[in-house]
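What follows is a short report on a single structure.
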Amino acid sequence: MARKKQYIEKEVIEKAMQLFWINGYENTSVQMLENGMGINKFSIYASFGSKHGVFLESLKSYQEIIKEVFENLKNAKNGVADIKKFFCDSVQICTLEGNQKGCLITNTYYELFDKNDDLVPQQMRKFMGDLKLLFIEKLKMDATKSEETVLRQANFLLLAKHGLAAATRVNNKEEINDYIEMTFTNL
């Protein structure tokens, strides 16, 4: 007879997510996951298949954290002002108690994008592609912008968002606010 799990998967994945967020994928060992998640190696492998499986579930958990910020952008109707609010709101996620600096998605993008792994880059491309489409949708609300301008600005904003996510790891609040202001001054 199979043993009943003595843990709630959602809770242990949130703990693993924090470890990956702090340390990155490569620097988070299975031993660290065991200690941090509060479950043994057998349970990790039985539930998630591997460290990689835990990581993929952690990315999904992180996307749930940021889902509201993306939904707010998606449902907003004020164009560039909404994108600026999205930038500000995404920075706030990192300041919530228990959250780490930076963006787990961006950190992962930098760490693992060119590794021999199909799933993580696929998730990163989808995430970035979806974000770019949202930027395009909001930029098109300004009828004076040409298609070319919209595309260029969407590319610029995508790169600016990467920069912002990286900056939240080391820069102070005033510097971050200046970065956001200058980003939108140039649109």
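Here, each number is a calculation from the coordinates, and none is a lab measurement. None of these values were measured; they are calculated from a predicted model. Heads up, the Cβs are rebuilt from the backbone with ideal geometry, glycines too, and the neighbour counts pull from every protein chain shown.
The table below gives the values:
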item: Span from the segment 141-187 Cα centroid across to the segment 62-77 one, whole angstrom; result: 17 Å
item: More than 26 Å apart - percent of Cα-Cα pairs taken over the chain; result: 37 percent
item: Rounded to the nearest 20 debye, dipole of the chain from Cβ charges on Lys, Arg, Asp, Glu; result: 420 debye
item: For segment 118-187: rounded, prolate or oblate by the Cα gyration tensor [a/c cutoff 1.5]; result: oblate
item: Listed residue pairs exceeding 21 Å between alpha carbons, taken from LYS77/LYS145; LYS5/LYS41; LYS15/LYS74; result: LYS15/LYS74
